[in-house]
Structure formats: structure tokens, C-alpha cells
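Trainee: The structure's right below; bear with me while I get my questions together.
Taken together, the values in this text are just the output of simple stated rules run on the coordinates, not laboratory data. From a predicted model like this one, the values you see are computed outputs, not experimental measurements. Neighbour counts are summed over all protein chains in view; Cβ atoms, including those assigned to glycine, are modelled from backbone coordinates with ideal geometry.
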Amino acid sequence: MSNRVTVTLTVNGSEHEIEVEPRRLLVHALRDDLGLTGTHVGCDTSSCGACTVHLDGLAVKSCTILAAQAEGAQITTIEGLGGEHSLHPLQEAFWNEHGLQCGYCTPGMIMAAAALLEENPHPSEAEVRRALDGNLCRCTGYHNIVRAVQSAAQAQAPVAS
């Protein structure tokens with residue numbers, strides 16, 4: 001008797017059927033079963049935010065969700081932002097504003113910021129800081145990260161005619 005379950009995950013627009021143990025975390029299914037290693041494992045306790053992905057449009061820490069709980073949901077990882085030959089405005093802004101150093105936290109920061117900008121396209125500095133509060137960076141002082149998010153917000157803003 002197998003204690004594995006079949007789960008269908010729609011990740012970055014593609015449907016995947018995988019067999020997992022019922023206790024398998026979404027972060028491990030994404031990384032190990034689907035090869036999407038942009039989602040990082042930083043703490044396994046939901047403290048750092050390196051594993052942040054979008055689940056049905058909401059930023060969630062994938063180390064707190066079982067893969068089986070994501071059955072039928074739309075999941076977006078860092079690999080799902082931007083295109084093959086173009087960066088997402090947030091990725092571009094993190095590059096231009098020096099919002100990263102080692103880069104380990106960057107995918108989670110960008111995913112959290114993308115959810116913020118989807119909900120609030122013109123956040124204040126305080127709103128950016130509040131939205132990123134659950135994501136830790138051990139290298140930067142957060143100033144350039146906040147500046148990158150605000151820069152991306154400006155880049156995405158429609159031009160007034």
C-alpha cells in the first residue's frame with residue numbers, strides 16, 4: 001500500500017501531475033519534483049520569506065503549505081515572472097537599484113513585492129516596508145530593496161495623456 005498521493009499543480013501556466021507523500025511541502029515539490037529552484041528554502045519555519053510564491057494571486061510562504069493543499073491552485077514562482085528574453089519590471093528594478101547582494105532572498109522579495117504592486121500599484125515607502133516585513137535579507141539594509149520596488153511601481157505606472 002502506497003502512502004503517496006497524486007497532486008495536480010498548475011505552475012507558471014503549465015499543469016504538472018506529481019506523486020508526493022501527503023506531508024510534502026510545496027517548496028520541496030516545486031524545487032525537487034519540478035526543478036524550479038528559484039524558490040529558495042531558507043528556514044523551514046516561515047520566518048525568512050525566501051520561499052515566497054503566489055498561490056491564486058496571493059503571496060504565500062511555500063514552506064507552510066503542503067503540496068496537496070495546492071491541488072487545483074494557480075501557482076506562480078520567480079521563474080514565471082518576466083519572459084525568456086525580458087525581465088519583469090521588478091527584476092529589472094532590483095538589478096538597476098542594486099536591491100540585491102548575495103541574491104538568496106531576492107526571489108522571495110520580488111514575489112512579495114509583485115503581490116503588493118498587484119494590490120497597490122503606487123505604494124508609499126511605509127507600505128513597501130510593511131509588505132516586505134515577512135522577508136528577511138541578511139546582506140542589505142533594505143534601502144535599495146525598497147527603492148527597487150518603488151522604481152518598479154513607477155515603471156509600471158501608466159503614462160498620463
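Trainee: Which ordering of 46, 62 is given by a fewest-first count of other beta-carbon atoms within 10 Å?
Mentor: The order, fewest Cβ neighbours first, is 46, 62.
Trainee: Also: For residue 85 and residue 156, FRET efficiency with R0 = 22 Å and r from the beta-carbon atoms, rounded to 0.05?
Mentor: Here the calculated transfer efficiency is 0.70.
Trainee: Let me ask something else. Give me the angle, in degrees from 0 to 90, between the Cα long axis of helix 106-119 and the longest principal axis of the Cα atoms of the chain, rounded to the nearest 10.
Mentor: Between the helix axis and the principal axis of the chain, the angle is about 70 degrees.
Trainee: Just the Cα atoms of the range 89-156: what Rg and Dmax do they give in Å?
Mentor: 10.3, 28
Trainee: Find out how many positive minus negative residues lie around residue 127, taking Lys and Arg as positive, Asp and Glu as negative, among other residues whose Cβ is under 15 Å from that of residue 127.
Mentor: Net local charge, residue 127 excluded: -1.
Trainee: Subtract the Cα-Cα distance of residue 118 and residue 101 from 0.36 nm times their separation in residues, and report this length gain in nm to one decimal.
Mentor: That pair, residue 118 and residue 101, stretches by 3.6 nm at full extension.
Trainee: While we're looking at this one, here's another question. Within a Cβ distance under 9 Å of residue 151, other residues only, what is the Lys/Arg minus Asp/Glu net charge?
Mentor: -1
Trainee: Turning to a different aspect of this structure: Whole-Å semi-axes of the chain's equivalent ellipsoid, largest first, each the root of 5 times a Cα gyration tensor eigenvalue?
Mentor: Taking √(5λ) for each Cα gyration eigenvalue gives 29, 17, 13 Å.
Trainee: Roughly what would the spin-label model give for residue 46 and residue 58, points 7 Å off Cα along C-beta, in nm?
Mentor: Between residue 46 and residue 58, the label points sit 1.1 nm apart.
Trainee: Please find, in a Gaussian network model of the chain (springs between Cα atoms separated by less than 10 Å), the residue of 146, 20, 53 whose mean-square fluctuation is greatest.
Mentor: Most flexible of the set in this elastic network: 20.
Trainee: Using a 10 Å cut-off around each Cβ, can you sort 16, 85, 98 from fewest to most neighbouring Cβ atoms?
Mentor: Sorted ascending by nearby Cβ count, the order is 85, 98, 16.
Trainee: Turning to a different aspect of this structure: Count charges around residue 80 for me, please; just the other residues with Cβ under 15 Å from its Cβ, Lys/Arg as +1, Asp/Glu as -1.
Mentor: Counting the neighbours of residue 80, the net charge comes to -4.
Trainee: Now for a different question. Only helical DSSP H runs with n ≥ 4 go in: add -39500 (n - 2.57) per run for the chain, normalise by residue count and round the 222 nm mean residue ellipticity to 500 deg cm²/dmol.
Mentor: Computed mean residue ellipticity for the chain: -8000 deg cm²/dmol.
Trainee: Would you look at the GNM of the chain, springs on alpha carbons closer than 10 Å, and say which of 77, 45, 106 moves the most?
Mentor: In the Gaussian network model the winner is 45.
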